[in-house]
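Read through the structure below, which is laid out as structure tokens, and then see the notes.
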Amino acid sequence: PVGLLDGKLIDLSENVVPMEDRGHQFGDGVYEVTRVYNGHCFALKLHVDRLYRSLRELSIPAVYTYEELAEFHDLLIKESGIADGAIYLQITRGIYPRAHGFPENVVPRLTMSIRPVSAAPDKNKLEGTKGLLIPDERWLRCDIKSLNLLGNVMGKQKAKDAGCFEGIQVRDGFVTEGTSSNFFVIKDGVAWTHPKSNLILTGVTRTLIMEKIAPELGLIVVEKKFDEAFAKAAEETFISGTNSEIVPIVALNGQPVGNGGVGPITRKIQDAYWALID
Ligand code: PDD
């Protein structure tokens with residue numbers, strides 16, 4: 001399997017993580033996951049814009065231009081021969097003897113890898129799946145796509161242990177987002193999702209729904225907080241994300257959402273999303 005270290009091709013079996021990489025020791029870094037369809041990156045510009053924002057929030061120098069990062073993505077696609085897949089990119093602050101404060105004159109370190117993902121929608125996407133409402137135990141800067149994912153990892157496992165696909169997190173009574181996805185509900189034909197804030201990641205898929213798909217469908221989306229009871233009483237619910245795309249959540253905590261099937265609005269959003277892929 002091929003990867004890139006600071007833009008240079010490597011084999012993933014090589015040991016690329018030095019002991020004193022701050023990503024390794026502190027989770028001091030950021031990442032992006034971008035889908036590849038038919039040999040092309042999907043919405044790469046939105047991912048790179050978000051990457052730059054995450055870096056800026058952590059005062060990590062950007063180092064690479066958009067054009068360079070696009071080239072690296074293309075190189076991975078070409079060298080791997082993977083036409084449908086996902087590219088993982090991470091940038092850590094760099095390598096320095098362990099000390100909490102930001103070191104000076106440290107060079108950020110970029111690693112990337114690609115893996116195949118089937119372009120064909122799986123059962124979850126077609127038939128819907130189960131969600132579990134769980135406490136949001138993460139930190140207060142969920143808007144940064146940082147490498148610190150222990151809260152997300154623990155939440156996902158809690159959902160898996162309960163036989164559910166995704167954990168839908170609840171903080172102070174309000175539903176925030178999935179462990180690796182954003183969360184939407186449909187109530188009286190209107191879509192609701194948590195407002196952009198430090199409590200959620202602004203998903204690229206969420207942005208595409210808000211800015212492209214909803215206007216096209218004439219669907220109103222309100223960015224407004226809602227509670228657990230509101231979600232359970234919704235007509236439809238779904239999650240959105242790079243890997244998930246649009247996944248209908250047809251049961252919450254073992255109770256059917258709406259009539260327990262994939263709702264018509266969710267299906268329309270899903271079809272419109274797939275229509276964006278060329
Ligand atoms: N996760 N919220 C969280 C906490 C996420 O980790 C993600 C993405 C999203 C959706 O963002 P986007 O639409 O840009 O993928 C929302 C990635 C895919 C991951 O960790 O693998």
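Just so you know, all these numbers are worked out from the coordinates, no wet-lab data involved. Remember, it's a predicted structure, so these values are computed and weren't measured experimentally. Heads up, the Cβs are rebuilt from the backbone with ideal geometry, glycines too, and the neighbour counts pull from every protein chain shown.
Antiparallel versus total DSSP beta bridges in the stretch 123-276: what percent is that, nearest 5?
So the antiparallel bridges in the stretch 123-276 amount to around 65 percent.
Could you state the angle between the C-alpha long axis of helix 150-161 and the longest principal axis of the C-alpha atoms of the chain, as a value from 0 to 90 degrees rounded to the nearest 10?
Once rounded, the angle reads 40 degrees.
So what does log10 I(q)/I(0) come out to for the stretch 189-278 at q = 0.14, 0.19 Å⁻¹, using the Debye formula with one equal point on every Cα and no solvent?
So the normalised log intensities are -0.49, -0.92.
Antiparallel DSSP bridges in the stretch 123-198: what percent, to the nearest 5? Don't skip to the answer; put the middle values down first.
Working: 7 of 12 bridges.
In the stretch 123-198, DSSP labels about 60 percent of beta bridges as antiparallel.
Sorted from fewest to most neighbouring beta carbons within 10 Å, what does the list PHE42, PHE102 look like?
Ordered by Cβ neighbours within 10 Å, fewest first: PHE102, PHE42.
Using Cα pairs under 8 angstrom and six or more residues apart, how large is the relative contact order of the chain, in percent?
Relative contact order here is 17 percent.
Quick check: residue separation of ARG115 and PHE26 times 0.36 nm, minus the Cα distance between them. What number comes out in nm?
Residue separation times 0.36 nm, minus the Cα-Cα distance, leaves 29.5 nm.
Rounded if a/c is under 1.5, else prolate if a/b is larger than b/c, else oblate: which is the stretch 186-225, with a ≥ b ≥ c the root eigenvalues of its Cα gyration tensor?
Oblate is the answer for the stretch 186-225, as a/c is 1.5 or above yet b/c matches or exceeds a/b.
Going by C-beta contacts inside 10 Å, put GLU137, GLU104 in order with the fewest on the left.
GLU104, GLU137
Taking every pair of Cα atoms in the chain, average 1/r, invert it to obtain the Kirkwood radius, and report Rg/Rh to two decimals.
That ratio equals 0.98.
At 222 nm, what value in deg cm²/dmol follows for the chain if DSSP H runs of at least 4 each add -39500 (n - 2.57) and the sum is divided by all its residues, to the nearest 500?
On the way: 9 runs with 78 residues, N = 278.
That calculation yields -8000 deg cm²/dmol at 222 nm.
On a 0 to 90 degree scale, rounded to 10, what angle separates helix 264-276 from the longest Cα axis of the chain?
30
Straight distance only, please: which lysines reach the Cα of LYS212 with their own Cα at less than 24 Å, same-chain residues fewer than 8 apart left out?
LYS45, LYS125, LYS145, LYS187, LYS196, LYS224, LYS225, LYS268
Within a Cβ distance under 12 Å of MET210, other residues only, what is the Lys/Arg minus Asp/Glu net charge?
Cβ neighbours under 12 Å give a net charge of 0.
Count the net charge of all other residues whose Cβ sits under 9 Å from the Cβ of LYS145, scoring Lys and Arg as +1 and Asp and Glu as -1.
Taking every other residue near LYS145 into account, the sum is 0.
Relative contact order for the stretch 123-276 using alpha-carbon pairs under 8 Å, separation at least 6, rounded to a whole percent? Display every interim value, and only then the final one.
Working: 313 pairs, mean separation 41.2, N = 154.
Reported as a whole number, the value is 27 percent.
Under a plain spin-label model, where a point goes 7 Å from the Cα along Cα-to-Cβ, how far apart in nm are GLU68 and MET19?
So the label points at GLU68 and MET19 sit 2.9 nm apart.
Using a Förster distance of 41 angstrom, determine the FRET efficiency expected from the C-beta separation of LEU9 and LEU217, and round it to 0.05.
The computed FRET efficiency comes out at 0.45.
When a/c reaches 1.5 or more, the comparison of a/b and b/c decides; with that in mind, is the stretch 63-203 rounded, prolate or oblate per its Cα gyration tensor?
oblate
What angle, in degrees between 0 and 90 and rounded to the nearest 10, separates the Cα long axis of helix 44-57 from the longest principal axis of the Cα atoms of the chain?
70
Could you name the lysines whose alpha carbon sits less than 16 Å from that of LYS158, not counting residues in the same chain fewer than 8 places away?
In chain and number order, the partners are LYS130.
Roughly speaking, what is the centre-to-centre gap between the stretch 1-79 and the stretch 144-163 when only Cα atoms are used, to the nearest Å?
22
Return the Rg/Rh value of the stretch 2-116, two decimal places, where both radii are evaluated on C-alpha atoms and Rh is the Kirkwood radius. Could you put the intermediate results ahead of the total?
Details: Rg = 14.1 Å, Rh = 14.5 Å.
Here the Rg-to-Rh quotient is 0.97.
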